[in-house]
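Take a look at the structure set out below.
The values are calculated or read from the model by the stated rules, or taken from the named source; none is laboratory data. None of these values were measured; they are calculated from a predicted model. All Cβ positions, even for glycine, are placed from backbone atoms using ideal geometry, and neighbour counts span all protein chains on display. What goes into the accessible areas is simple: the full protein's heavy atoms, side chains included, and nothing from ligands, DNA or RNA. Shrake-Rupley method; radii C 1.70, N 1.55, O 1.52, S 1.80 Å.
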Amino acid sequence: MTWHDRSDKDTEAPRWTAFAGHVEVDYATAAWHVENGRPFHAIPFLRSAVSQLGPTYSRNAALYRARLAEVLMKAGAVEEACAEACASADAAQGMTSARLLERLRTVAASAELIDSALTRDFVEHMREFGVTANKGEAA
């Protein structure tokens with residue numbers, strides 16, 4: 001954040017500061033929190049990143065929402081994770097992305113471990129989308 005805030009004034013700022021906006025900073029901050037075992041801290045940054053993406057960034061929005069779903073699942077927010085994953089899958093109709101499918105598979109695998117009507121419906125929705133849960137790959 002320090003480099004990003006000074007990028008227009010500091011000639012020693014790294015080159016990435018010239019093109020990285022708040023979306024990228026929020027997403028990177030969320031990734032840092034997840035890597036350090038703090039998914040709860042990552043959630044607001046991922047929500048912020050998703051909310052800032054405009055309609056021309058539909059591929060990124062689908063990927064970011066799927067990542068948000070993964071982190072929500074890690075944090076134990078199952079219902080919200082399923083909703084975000086469904087929104088991601090619905091927004092991604094017609095897109096091909098191995099990374100997106102892998103993220104959705106991870107959420108579906110976690111949901112399969114929870115026996116509830118909500119998770120069963122979610123896993124079925126993912127199957128309709130073409131995502132099958134891989135056991136052992138839970139979020």
Scan of the stretch 20-47 for residues that are of a type in the set (G, A, S) and modelled with pLDDT of 90 or more, ordered by number: A30, A31, G37, A42
Just a yes or no: is a residue in the stretch 27-41 within 26 Å of H125 (Cα to Cα), assigned to a helix (DSSP H, G or I) and either open to solvent by less than 20 Å² (accessible area, probe 1.4 Å) or in contact with a Pro (Cβ under 7 Å, 6 or more places away or on another chain) (or both)? no
Screening T17, T11, T2 for residues that are modelled with pLDDT under 90, among the polar types (S, T, N, Q) and surrounded by 13 or more Cβ atoms within 10 Å (Cβ to Cβ) leaves only T17
May I ask you to verify whether L113 is of a type in the set (A, V, I, L, M, F, W, C), at pLDDT 90 or above and under 14 Å from the mean Cα position of the chain (by Cα)? no
Give me the pairs: first residue in the stretch 77-104 and touching a residue at least 40 places away in the same chain (Cβ under 8 Å) and of a type in the set (V, I, T), second residue buried (at least 21 other Cβ atoms within 10 Å of the Cβ) and part of a helix (DSSP H, G or I), beta-carbon distance under 6 Å, and six or more apart or on different chains, which are they? none
Contact list please: Cβ distance under 7 Å, first residue in the stretch 48-68 and closer than 13 Å to R103 by Cβ, second residue surrounded by fewer than 16 Cβ atoms within 10 Å (Cβ to Cβ) and of a type in the set (K, R), pairs at least six apart or on different chains. L63/R99
